[in-house]
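Here's the structure, in structure tokens; my notes come after.
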Amino acid sequence: MSAIRRKFGEDYQVVNTNRGMSFSAPVKRKRQRFVEKNGRCNVQHGNLGGETSRYISDLFTTLVDLKWRWNLLIFILTYTVAWLVMASMWWVIAYIRGDLSPAGHDSSYTPCVANVYNFPSAFLFFIETEATIGYGYRYITEKCPEGIILFLFQSLLGSIVDAFLIGCMFIKMSQPKKRAETLMFSQDAVISQRDGKLCLMFRVGNLRNSHMVSAQIRCKLIKSRQTPEGEFLPLDQCELDVGFGTGADQLFLVSPLTICHEINNKSPFFDLSQRSLMNEQFEIVVILEGIVETTGMTCQARTSYTEDEVLWGHRFLPVMSLEEGFFRVDYSQFHNTFEVPTPPYSVKEQEETSSLTSPNPLPVAPTPTSPLLGNGARGGRRERLLSADYADHVEDHHASRLPSKLQRMSSTKENLWRGSKTGVALPGGKASSTGDLPLSIQRLRSSSIPIVRQGYAEEHVQLLSLDGNAEEVEVEKHRLPAAVTAVKTTLIQIPLVGSRPEDNLPPKLRRMNADR
């Protein structure tokens, strides 16, 4: 026990699930099981009416399915009755021919069966013939044609009876049901986390050294339910996935294995929690099939787990250990479990909680960093400008749905806006856009936001300085071409906020205004 605590920690407590021990917990009333722990199906067929004749039509299977005491009784009675009937027929032939009183015949008389004088001698003759013992004292003669016919009938009937009864006994003895006695299932099933997922687990083992070829395991959930239409389905069967898609249901049953059923949105236990487990009523039927290696016959072992045999927050103790030159399996710990920390909530509740606590964030395009732009407010401003461009694109998309007249009006306004935003007139009548400027001027130009208001003839421009120092700006100026320098000068000479409109008029108009 101390070694187990050192391996799994002091918080784990070993729980012995042996049913022979007493527990302090209140004993739950034992309810009716569909499949017993030993695999026997607790179902009886009644009120068959005229369907009982179907058992007689398949007499061989009926005899094989009977219990051993009835098989032995039928075996003994069949041979006894057959021997008595055939012995009586030989006695009747001897009685009709007068062979029972040899005193009335001369010495040249030949009987049907030599040395048959009464019923016991006729019975001994039949047994010697049927068992091919042949003591040589009693034998059939050629003077009895009816005895020859009865001898042929006796041989055929004896072969049929031997084949039928001996065949039934052989099949009965070689049935792989007893092989299933050496296949073990854990007394309880457990629910705990494995690989971060809540799983229902139980353990299977093989006590023999001979393997189970092509071993496969299946699980069925037996639970009554009611359909949305109001139909009640008693003992409805539902399949539990134990690795059919991944091949985990194909077992190499050399050592004890833990079978795992992952509880997800496709599992019938999706909304099962520790609290609801106490109020549920279900039964898990486990079916293990395989081919017996020694006989080549198919073997099937079954067991079941009710809701009170499912332990929440438990895990099986390890039973494998490495010895000198081999692995050792300790079956004394086969049924034992220990407690592990397990959330008491269902998978459905956990998914709902995780979806509420961690909603999906909105996707944000990553912004590459640049030594010229800095890493603070520059990146946020660039993202805002990109968002503004995306808003313009959305407006263009919605404007395409307007009538043609409104589209022409909006396109005229849009051209005025884009002309003031994207380019300025250069000397010589050429237009220049920000795409023709170097990167530093593009950033400088993009930072200037024109503000157009109805009733104002001026364009107010706000210039933002770069994060670099003044020397870097001067160096950048010398690197620019002459056309770009002119553009930059034009941008700087735009009147700022607070200047009067009359200052931009020609001198003649200014004098006329002054006279007025």
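The values are calculated or read from the model by the stated rules, or taken from the named source; none is laboratory data. These numbers were taken from a predicted model, which means no experiment stands behind them. Methodologically, a virtual Cβ is constructed for each residue, glycine included, from the backbone with ideal geometry; neighbour enumeration extends over all protein chains shown. Accessible surface is based on the protein model in full, side chains and every heavy atom, while ligands, DNA and RNA are left aside. Shrake-Rupley method; radii C 1.70, N 1.55, O 1.52, S 1.80 Å.
Please work out the Cα convex hull volume for the range 29-129 and give it in Å³ per residue.
175
Tell me the accessible surface of Arg194 in square angstrom (1.4 angstrom probe, heavy atoms of protein chains only), to the nearest ten.
Only protein atoms counted, so the area is about 100 Å².
So what are the three principal axis dimensions of the range 230-360 from its Cα atoms, in whole Å, longest to shortest?
54, 42, 32
Of the cross-linked pairs Lys37/Lys223; Lys177/Lys197; Lys67/Lys223; Lys177/Lys266; Lys178/Lys266, which ones have a Cα-Cα span greater than 27 Å in the structure shown? Numbers along the way, then the final one.
Details: Lys37/Lys223 17 Å; Lys177/Lys197 36 Å; Lys67/Lys223 31 Å; Lys177/Lys266 34 Å; Lys178/Lys266 36 Å.
Pairs exceeding 27 Å: Lys177/Lys197; Lys67/Lys223; Lys177/Lys266; Lys178/Lys266.
Once you sort the root eigenvalues of the Cα gyration tensor of the range 278-331 as a ≥ b ≥ c, which label holds: rounded (a/c under 1.5), prolate (a/b larger than b/c) or oblate (the other case)?
Taking the square roots of the gyration eigenvalues as a ≥ b ≥ c, the range 278-331 is oblate.
Would you tell me the accessible area of Phe153, worked out with a 1.4 angstrom probe on the heavy atoms of the protein chains, in Å² to the nearest 10?
Phe153 has an accessible surface of roughly 100 Å² with all protein chains in place.
Under the Kirkwood approximation for Rh and a Cα-based Rg, what ratio Rg/Rh is obtained for the range 170-226?
We get a ratio of 1.09 for the range 170-226.
Tell me which GluC sites (Glu not before Pro) from the range 218-316 have a DSSP coil assignment and no more than 16 other beta carbons within 10 Å of their own.
Glu229, Glu231, Glu280, Glu293
What spacing in nm lies between the two simple spin-label points modelled at Glu280 and Ala131, each 7 Å away from Cα in the Cβ direction?
Those two pseudo-labels are separated by 6.3 nm.
For Leu66 and Thr353, compute 0.36 nm times the residue count separating them, minus their Cα-Cα distance, and round to one decimal in nm. Let's see the in-between values first.
Values: separation 287, 0.36 × 287 = 103.32 nm, distance 5.64 nm.
Extra length available between Leu66 and Thr353 comes to 97.7 nm.
Amide H of Arg203 versus every other amide H placed in the peptide plane: which residues, excluding those fewer than 5 positions away on the same chain, fall under 5 Å?
Residues meeting the criterion, in which the H sits 1.01 Å from N, are Ser186, Ile259.
Determine, from the Cβ-Cβ distance of Phe270 and Ala114 and an R0 of 60 Å, the FRET efficiency 1/(1 + (r/R0)^6), rounded to the nearest 0.05.
After rounding to 0.05, the efficiency reads 0.10.
Give me the distance in nm between label points sitting 7 Å out from Cα along the Cα-to-Cβ direction at Asp515 and Ile166, one decimal.
14.8
Just to verify a number: what accessible area does Phe123 come out at with the full protein assembly present, 1.4 Å probe, Å² rounded to tens?
Number for this one is 60 Å².
Say a paramagnetic label sat at a point 7 Å from the Cα of Gln216, along Cα to Cβ; which residues of the range 225-266 have their backbone N under 16 Å from it?
Under cut-off, by backbone N: 239-253.
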